Structure formats: C-alpha cells, structure tokens
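Scroll down for the structure; my scribbles are underneath it.
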Amino acid sequence: MIFRKICVLGLGYIGLPTASTFATHGLQVLGVDVNINIVNGLHQGKIHIHEPGLAEVVTEALASGNLSAATVVEPADGFVIAVPTPFLPDKTADMQAVKSAAQSIVPVLQPGNLVVLESTSPPRTTCDIVAPILEQSGLKAGIDFYLCYSPERVLPGKIMTELVHNARVMGGITPASASAGYDLYRTFVKGEIVLTDATTAEMVKLMENTFRDINIAIANEFSRLADRVGIDVWEAIQIANMHPRIHFLNPGPGVGGHCISVDPWFLVETAPDIARLIRTAREVNDWQPHYVVNMVARAVGGSIAGKQMAVLGLAYKADVDDLRESPAIEICHLLHAAGAAVTGYEPYKPNAAIPGLSMVGSLAEAVDDADVILLLVGHQQFHGITPELLRSMTSAKVIVDTVNLLTGSAWEDAGFTVHRLGVGQGRGANQG
Ligand code: SAJ
C-alpha cells in the first residue's frame, strides 16, 4: 500500500517523535492534538518535550513543509493513534483518550484507509473497542479498511534512535491489515517488522513492560533483604550478574513513568485471578518510596519532622525531564507529610511547581541549609558531585543515596555519613 498523507493523533512523547519522523521520510503528516497550546507551539517551532534529537527532527520536518498541526482530524491514507492510556484511581485503564481519538476518525474514514493504534492498551482493545467505534462510519474493519495494533517500544531518553532501529511488532486484525501496517512503518523503521495479530501485539507490549517491572521488583526486594542481613546489594548483584544466565536490574527509589508503573495493572485488570505475581511485583515497587522514607528516618535517628531535606532529582529516572508517576516526587510528598521542609532540585525541570516543595535552580541552593541530602535520581549532572564540592556548599552530615552514586571512603573523610539503599549496617555506611 502507498501512503502519501497520514494523521498522527496525539503529539506527546510518542506521537510527536513518530509524526516528525514520518514527515522527514517524505510523508505529508498532520499532527493532531486536543491541546491547542501544543498545536500553536508547534506552528512556531516550539517543542514541549525534552528528548535528545527530537528538536532537530521536528525543525527539519517543519522546514520541509511535510509536518503541520491541527486540533481536528482531516481525511488521509492512514491514521496513527498515539494518545495516553493512564490508569484510573482503581488501577483500571482509562481508555477515554483512545475512544475519543477513534471517534474523531469516524467522519473522515474512507475505504482503503489504515488505522494503527499505538497506545499501550489492555488485551483485545483493538478488536473490541477501536474496531466497533470505527465501524460507526458504516465501513467494516478488516474488509473496507485496515486496522492494526503496533505498540511503541522506545525508551525515553533514546526515543529517536530506538524508533528507527528497534524491531517493531505489527498486529493486524487481518493479515492484509498487518501487511498495510508494515508498508506504512517501513517508511522509516530499519529494525525488523514482525507481523502478527492485534491481540498478540497488545500482549507482547504488556508482557515486555511487566517483565521489566517484575525484575526491578526482585532487585528492590533484594535491597531490603540486603539491609536486613547486612550486605551490600550492589556488590551482590554485580557478582551474581557474572553468572551466565543471571541478569539482575538495579534497585532504586521505586518505579515511575507512565509505562512500567502503569501497564502491568492492565493485565491485573484483565485477569486478577491469574495475574498474582504481576500484582505483587507492582505492590513491591509501589512500596519502595515508603521504604526510602523509612531509611531516611533511620538515618536521622528517628523523627523526620522539622528536618530540612535537600532532594536531588525529581524525574522518574535518570536523564529525562519527565515527572510523571515519579517515585522521587512521592518520596518528597511523604517527607513533607511527615513534617520535613523539602527543597527540590531537578536540573531538567528547575521551574516545576510541585505542591509541598520549594524548588531551586542549583545544587548549591538545594544543599545550602540542609540537614539531610537525598540523592533520588542518577542524572549525569550528579555524577560529578564530589565530597569536596558538596562540603564546600553545605554543613549537612547525612546523605541518603538511593542510586549508588556516592561510594567510597572519601565521603566519610569529608565528614559525611552516606546511607546507601541496599547496604546493610553490617557493611558500614560508607563502604564502597
Ligand atoms: N528502574 C529501576 N531499576 C532498573 C531500571 C529501571 O528502578 O534497573 C526504574 C527507573 O528508574 C524508572 C522505571 O524503572 O523509574 C522505568 O524506567 P525504564 O527505563 O525501565 O523504562 P521506561 O518506563 O522509561 O520505558 C519502558 C521501556 N520498556 C522496557 O524496557 C521493557 C520502553 O522500551 C517502553 O517503550 C516504555 O516503557 C513504554 O513506553 O512502554
């Protein structure tokens, strides 16, 4: 199938990179978003997302005349839905954005068109939710138009590379649909494009993120066990990973972001009686911020109330500006609720407004009058922090390191006690 014009619905972390990459590969692309500010910003060449390499591709796409933006869908050869699927307070998927995106295509859908859902969704969404909505057009899915599910699998921070080079799964509701989807994404995808059915593709996506969640949960659980038995979990993981069939991930302050901390719940929702391991892993990871706060309480000898906390890093992981579902922010809220005064420094979003936190624009301001310094994200900017540098900025003595950056005896020499996550008392607080 030949594509000349496509609409990409949703101009967020996935939609904007996808739309602009299609545009730089010769397609006429209309990016559609319900947020007028995003659409207007894009017309002025402004990008609302920090992602390495994205600005360059968007600038090139706009300059070529192939990329434009609007708030309403237009007739096209193909439609890509890349809208968010957050969860509701009861942890079930909020499919409202997917439903209204599909609904907005109905008036312009024509015979021979292709519709691709990219948003992470519970199994059977493409067949049971999207197809019936699109069929309100009077056209039959798989007969009059093609319909696919093709999940995005890109890692925030590496989106522009992974979008092009990762293998892609294309699940069609018919083989002809999968083949049409293949033709569209072949425009720019250099990785393999594997054809399958829509529900398998939905499961593949959820299985991948669940696998990672469970593997992080076991690392987090081992960090607690290490505390209990008096060993250094980072050292133990390093040694265990020398085994040819073992590959532990890292413990940390918790699992955040809009993917891994959300998607496994879609499987719990689908079959709560079966997905018991998946639920437990979610609960282990969701508890990790509380575990860190307990660690802070131990580090200060009991009460957090009245203490001045300097929090370094608020993003959900290293080297991204994304604050969604961030465990670091949850830790700040818990500290605030326990009566601490919390100052936050997030180099990628220095001006973020977060209730209960006073934000500052530099490391020096953050630690200036701190009693305790908490390192919650391993941003590159923090790799260069030395004991001497920090000592010149603060009289604080207690540091809590949840990402294992502040190792070695030099910290003690500079008068700091570093409490590292997953390092039991038996090993001494500063052992590297
Ligand atoms: N984390 C740990 N320990 C680790 C690795 C990660 O605690 O060893 C934490 C991070 O700090 C973060 C969370 O887990 O809070 C998730 O980070 P991540 O880098 O594992 O994943 P995401 O959410 O940025 O991106 C994931 C990726 N999925 C997989 O690797 C299976 C990505 O490929 C997906 O496209 C993305 O979810 C998505 O959009 O679904």
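The values are calculated or read from the model by the stated rules, or taken from the named source; none is laboratory data. From a predicted model like this one, the values you see are computed outputs, not experimental measurements. Methodologically, a virtual Cβ is constructed for each residue, glycine included, from the backbone with ideal geometry; neighbour enumeration extends over all protein chains shown. Heads up: the accessible areas ignore ligands, DNA and RNA and are worked out on the full protein's heavy atoms, side chains in. Shrake-Rupley method; radii C 1.70, N 1.55, O 1.52, S 1.80 Å.
A cut-off of 5 Å between modelled amide H atoms, ignoring neighbours fewer than 5 places along the same chain, links THR417 with VAL398, ILE399. The phi-based Karplus calculation (6.51 cos²θ - 1.76 cosθ + 1.60; θ = phi - 60°) puts the 3J(HN,Hα) values of the stretch 69-78 at 9, 7, 9, 10, 6, 10, x, 7, 7, x Hz, whole numbers, x for Gly and Pro. Largest GNM mean-square fluctuation across GLY254, GLY191, GLY31, computed for the chain with C-alpha springs under 10 Å, falls on GLY191.
Which of the peptides 277-283, 308-314 is most tightly packed, and how do the rest follow, going by the mean number of other Cβ atoms within 10 Å of each residue?
Details: 277-283: 17.7, 308-314: 25.0.
Result, highest mean Cβ count within 10 Å first: 308-314, 277-283.
Couplings 3J(HN,Hα) for the stretch 320-334, derived from phi with the Karplus relation 6.51 cos²θ - 1.76 cosθ + 1.60 (θ = phi - 60°), are 10, 9, 7, 9, 5, 6, 6, x, 4, 5, 4, 4, 4, 4, 5 Hz, where x marks Gly and Pro.
Could you let me know the centre-to-centre spacing of the stretch 281-346 and the stretch 356-410, using Cα atoms, in angstrom? So the separation of the two Cα centres works out to 14 Å.
Ignoring ligands, DNA and RNA, please state the percent of accessible area on the stretch 1-115 from carbon and sulfur, probe 1.4 Å. Using a 1.4 Å probe with all protein chains present, the stretch 1-115 comes out at 57 percent carbon and sulfur.
Using only Cα atoms, figure out Rg for the chain and give it as a multiple of 2.2 N^0.38 Å.
Numbers: Rg = 23.7 Å, N = 432, 2.2 N^0.38 = 22.1 Å.
Its radius of gyration relative to the 2.2 N^0.38 Å reference: 1.07.
Around the amide H of ALA318, modelled in the peptide plane, lie the amide H atoms of GLY378, all under 5 Å away and 5 or more residues distant in sequence or on another chain.
Under 30 Å of direct C-alpha separation, and excluding same-chain neighbours fewer than eight residues apart, LYS307 reaches these lysines: LYS317, LYS349, LYS397. Annotation: amide H-H contacts under 5 Å for VAL80 (H modelled 1.01 Å from N, sequence separation of 5 or more, or interchain): CYS7, VAL8, LEU9, VAL116. Summed over qualifying helices (DSSP H, 4 residues or more, each -39500 (n - 2.57)) and divided by its residue number, the chain shows a 222 nm mean residue ellipticity of -11000 deg cm²/dmol. Net length available on complete extension from ASP90 to GLN103 is 2.2 nm, with 0.36 nm assigned per residue and the Cα-Cα distance removed.
Within the same chain, lysines fewer than 8 places from LYS99 are excluded, and of the rest, those with a Cα less than 24 Å from its Cα are LYS5, LYS91, LYS140, LYS205. From the alpha carbon centroid of the stretch 251-274 to that of the stretch 7-83 is 29 Å. With the biggest extent put first, the Cα atoms of the stretch 281-321 measure 31, 25, 12 Å across the principal axes. First select every other residue whose beta carbon is under 13 angstrom from the beta carbon of SER104; then total the charges, Lys and Arg +1, Asp and Glu -1. Value of the local net charge: -1.
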